Amino acid sequence: MRTLIRKGRIITASDDYVADILIDGERIALIGRELDATSADREIDAAGKYVLPGGIDVHTHLDMPFGGTVSSDDFFTGHRAAAFGGTTTHVDFAIQGKGESLHQTLQNWHERANGKAAIDYGFHVAITDLDDQVMEEIGRLPEMGVRSIKLFMAYKGTLMVDDETLFKSLMKAGESGVLVMVHAENGDVIDVLVKKAIAQGNLSPKWHALTRPPSAEAEATSRAVRLADIAGAPLYVVHLTQRDALQAISEARARGQKAYAETCTQYLFFTKDDLDREGFEGAKWVCSPPFREVEDQQALWRGLRTGDLSAVSTDHCPFNFRGQKDLGKDNFAQIPNGVPGIEDRLYMLWDAGVKNGRITPNKFVELVSTNPAKLMGIYPRKGTIAVGSDADLVVWDGSAHRVISASTHHQNVDYNLYEGREVHGKAEKVFIRGNLVVDGDQWLGEQGSGQYLHREAPTWL
């Protein structure tokens with residue numbers, strides 16, 4: 001199939017121009033003005049529209065066991081929702097079970113995706129049980145197409161690792177060309193505060209935020225940065241939420257350290273006050289780290305503009321309000337941590353960022369596609385619009401507007417954080433490797449068509 005996209009305004013991280021794009025099979029074959037349409041099987045008029053590289057979400061949790069339940073989107077429903085939001089690639093977390101090899105961990109997550117995947121995907125490996133065998137396996141992860149591991153500095157007693165484990169992992173990963181990602185919160189401090197709150201009968205959702213204070217994130221971020229510096233290893237801090245943690249990243253980068261951080265869409269729009277909504281409603285906003293203050297949102301927007309924040313992801317980990325979140329109706333500590341958002345990321349960031357003048361269209365593409373592709377080792381195959389790159393393309397109508405609602409979204413969850421919000425911008429047509437998978441409101445994709453990405457070494461920013 002040869003497709004000609006005609007007269008679109010092409011936006012990459014560095015370019016902004018009007019041209020035609022010829023797709024031949026799965027790749028971009030030619031970019032130019034007034035291209036010959038006679039050899040194309042299909043022609044699409046994109047005049048007056050943007051053409052963007054497909055979004056890349058490097059932080060998702062599909063079909064993930066947590067807190068006695070499983071996240072409600074699997075590798076088909078989550079992929080379909082992502083595509084309707086203009087995201088064509090994601091990297092999910094394969095989480096090691098106690099006593100499990102990293103090879104077995106990856107096999108378990110491949111089984112979750114096999115036959116369901118509808119967009120392209122890769123895996124990070126989250127290490128929870130580090131022994132000599134696992135340490136040796138870190139060095140072999142690139143052979144399996146994996147170039148990143150994750151360590152949790154929180155969730156004491158389940159996922160959390162100690163500083164020795166973190167430091168050893170940093171050293172081994174640095175030697176092996178593997179990027180270390182950290183969930184940076186001080187799990188020991190949080191554990192003490194949670195137990196104290198429960199003992200005092202403070203059980204409502206707002207206490208999730210009150211027992212995970214901003215300083216616990218700032219301290220853990222600073223500690224991770226310094227340990228990475230000693231180990232001589234690159235570091236990527238996931239879902240950064242607040243100004244002091246961001247300052248630690250900024251200072252590290254100023255020293256010349258390979259220190260990177262993402263924030264997530266939701267942290268730009270909500271505060272801890274949302275967890276104090278009437279009744280049990282605040283449980284919808286329970287995630288870790290929790291939401292912070294308006295001043296932190298302002299700091300995050302500055303970080304996106306300056307480059308101290310390298311990417312915007314979602315940490316998409318959806319649990320239904322009824323039947324899952326309400327497992328913690330009598331105790332905030334039992335509310336499954338996680339919020340939905342894989343479909344809403346580009347809409348929310350375009351509307352609040354580009355339309356409102358906080359960021360340029362080029363910066364938008366950099367944050368949602370190009371930087372993630374570079375850091376995850378899939379650039380320039382993904383993350384840009386160039387001859388030879390995969391034809392992962394979004395025809396984006398910047399003037400269209402819609403109202404976000406759980407009644408119309410494609411995520412397999414019974415609520416939406418942004419319910420009732422009107423946003424500008426729409427993914428009108430979405431291509432994955434040249435295949436049209438979204439056409440307006442019509443789903444044309446297929447289960448099992450998504451490809452596993454064997455990732456290469458990162459391109460450092």
Those residues of the stretch 282-296 which are under 18 Å from the mean Cα position of the chain (by Cα) and either touching a residue at least 60 places away in the same chain (Cβ under 8 Å) or open to solvent by 10 Å² or more (accessible area, probe 1.4 Å) (or both) amount to 285, 286, 288, 289, 290, 291
Filter the stretch 177-206 down to the residues that are of a type in the set (Gly, Ala, Ser), on the phi < 0 side of the Ramachandran plot and open to solvent by 30 Å² or more (accessible area, probe 1.4 Å) and list them by number.
199, 204
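Quick check: anything in the stretch 349-369 open to solvent by 50 Å² or more (accessible area, probe 1.4 Å) and either at positive phi or in a helix (DSSP H, G or I) (or both)?
Taking every residue of the stretch 349-369 in turn, at least one turns out to be open to solvent by 50 Å² or more (accessible area, probe 1.4 Å) and either at positive phi or in a helix (DSSP H, G or I) (or both).
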Please state which one of 403, 438, 387 is touching a Gly at 6+ places or on another chain (Cβ under 8 Å), surrounded by fewer than 22 Cβ atoms within 10 Å (Cβ to Cβ) and farther than 30 Å from residue 306 by Cβ.
403
Starting from the stretch 75-94, keep only residues that are over 12 Å from residue 56 (Cβ atoms), then list their pairs with residues that are of a type in the set (Asp, Glu) and open to solvent by 10 Å² or more (accessible area, probe 1.4 Å) whose Cβ atoms are within a distance under 7 Å, requiring at least 6 positions of separation or different chains.
75/63
Please indicate, with yes or no, whether at least one residue in the stretch 371-380 is surrounded by fewer than 22 Cβ atoms within 10 Å (Cβ to Cβ) and either without any contact (Cβ under 8 Å) to a residue 40 or more places away in the chain or out of contact with any helix residue (DSSP H, G or I) (no Cβ under 9 Å at 6 or more places or on another chain) (or both).
yes
Pairs, please: C-beta under 7 Å, at least 6 apart or cross-chain, first residue within 17 Å of residue 384 (Cα to Cα) and in a loop (DSSP other than H, G, I, E, B) and in the stretch 444-461, second open to solvent by 60 Å² or more (accessible area, probe 1.4 Å) and modelled with pLDDT of 95 or more?
459/379; 460/258
Considering the stretch 236-289 alone, what residues qualify as being of a type in the set (Phe, Trp, Tyr), in contact with an Asp or Glu (Cβ under 9 Å, 6 or more places away or on another chain) and over 20 Å from residue 170 (Cα atoms)?
267, 280, 285
State yes or no: is residue 31 β-branched (Val, Ile, Thr), open to solvent by 10 Å² or more (accessible area, probe 1.4 Å) and under 30 Å from residue 157 (Cβ atoms)?
no
May I ask you to say which residue of 137, 143 is open to solvent by 20 Å² or more (accessible area, probe 1.4 Å) and charged (D, E, K, R)?
143
Determine whether the stretch 71-87 contains at least one residue that is among the aliphatic types (A, V, I, L, M) and in contact with a Gly (Cβ under 9 Å, 6 or more places away or on another chain).
yes
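For residue 260, are the conditions met, namely being farther than 23 Å from residue 178 by Cα and of a type in the set (Ser, Thr, Tyr)?
no
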Odd one out for residue 262, checked against (1) in a strand (DSSP E or B); (2) surrounded by fewer than 20 Cβ atoms within 10 Å (Cβ to Cβ)
(2)
When the stretch 156-176 is checked residue by residue, the ones that are open to solvent by less than 50 Å² (accessible area, probe 1.4 Å), without any contact (Cβ under 8 Å) to a residue 60 or more places away in the chain and not hydrophobic (A, V, I, L, M, F, W, C) are 165, 169, 176
Please give the number of the condition residue 398 fails out of (1) open to solvent by less than 10 Å² (accessible area, probe 1.4 Å); (2) part of a strand (DSSP E or B).
(1)
Check the stretch 137-151 and report whether any residue there is at pLDDT below 95 and among the hydrophobic types (A, V, I, L, M, F, W, C).
no
Can you tell me which residues in the stretch 316-348 are within 26 Å of residue 426 (Cα to Cα) and open to solvent by 20 Å² or more (accessible area, probe 1.4 Å)?
320
Restricting to the stretch 177-195, what's the tally of residues that are part of a helix (DSSP H, G or I), among the hydrophobic types (A, V, I, L, M, F, W, C) and touching a residue at least 24 places away in the same chain (Cβ under 8 Å)?
3
Check off (1) under 30 Å from residue 218 (Cβ atoms); (2) open to solvent by less than 10 Å² (accessible area, probe 1.4 Å); (3) touching a Pro at 6+ places or on another chain (Cβ under 9 Å) for residue 67 and give me the number that stays unchecked.
(2)
Any idea how many residues of the stretch 268-281 are surrounded by fewer than 23 Cβ atoms within 10 Å (Cβ to Cβ) and in a helix (DSSP H, G or I)?
6
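The values are calculated or read from the model by the stated rules, or taken from the named source; none is laboratory data. Source: prediction; values computed, not measured. Cβ coordinates were reconstructed from backbone atoms using ideal geometry, including for glycine residues, and neighbour counts include every protein chain displayed. Heads up: the accessible areas ignore ligands, DNA and RNA and are worked out on the full protein's heavy atoms, side chains in. Shrake-Rupley method; radii C 1.70, N 1.55, O 1.52, S 1.80 Å.
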